[in-house]
């Protein structure tokens, strides 16, 4: 069996994401509601799975209406086969401290032999971008490699974590390998 390096695998996931975004026209649909920005592992070029995050910037006083309008349009689009709505403004999540205080719409579909999930967040630019620019600003080839290794370990079940904690451990807490990550995760507050 041929082993693919993680950078190549990440690039392959990114290319599949591009195809899904193009085929589904989701960004065009969302741009009728607000300013659209693809973020997260797609934006960082650190994809290792079928998951895309999108911010839709709208004024806070219409964010809930915008999210519900988008959900309705996505359902009517008849492309997606799974839908989820959550109000993280009124019901913030203690289990997911990296989630922005905004309105969330999630959609799923089967594309290119994978079950894709697209997470869409609606809110003001200041709210959605809070604590996220530090990730992209601190990436380099060395820590990208480690982040991909940790994501691969997570995907293989070796560690249980989310991407936010991986970025936090590597970029803010000088974690240098999987064992250090395990110790960091066990001791974090």
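Structure above, values below:
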{"quantity": "Lone unmet requirement of (1) under 16 Å from the mean Cα position of the chain (by Cα); (2) crowded, with 17+ Cβ neighbours inside 10 Å; (3) within 17 Å of residue 49 (Cβ to Cβ); (4) touching a residue at least 60 places away in the same chain (Cβ under 8 Å) for residue 122", "calculated": "(3)"}
{"quantity": "Test: residue in the stretch 152-159 that is assigned to a helix (DSSP H, G or I), under 21 Å from residue 100 (Cα atoms) and not assigned by TED's automatic domain parsing to the domain that holds residue 42", "calculated": "no"}
{"quantity": "Among the residues listed as 162, 137, 141, 156, the single one being exposed (fewer than 12 other Cβ atoms within 10 Å of the Cβ) and under 15 Å from residue 48 (Cβ atoms)", "calculated": "156"}
{"quantity": "Filter result for residue 148 (in a loop (DSSP other than H, G, I, E, B) and in contact (Cβ under 8 Å) with a residue 40 or more places away in the chain)", "calculated": "no"}
{"quantity": "Of all residues making up the stretch 165-176, the number that are part of a loop (DSSP other than H, G, I, E, B) and either surrounded by fewer than 12 Cβ atoms within 10 Å (Cβ to Cβ) or assigned by TED's automatic domain parsing to the domain that holds residue 47 (or both)", "calculated": "1"}
{"quantity": "Only one of 22, 78 that is modelled with pLDDT under 95 and over 19 Å from residue 123 (Cα atoms)", "calculated": "78"}
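Yes or no, residue by residue, for (1) at pLDDT below 90; (2) touching a helix residue (DSSP H, G or I) at 6+ places or on another chain (Cβ under 9 Å):
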site	(1), (2)
121	no, yes
125	yes, no
136	yes, yes
140	no, no
149	no, yes
165	no, yes
173	no, yes
176	no, yes
180	no, yes
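The values are calculated or read from the model by the stated rules, or taken from the named source; none is laboratory data. The model shown is predicted, which means the values in this text are computed figures rather than measured ones. Methodologically, a virtual Cβ is constructed for each residue, glycine included, from the backbone with ideal geometry; neighbour enumeration extends over all protein chains shown.
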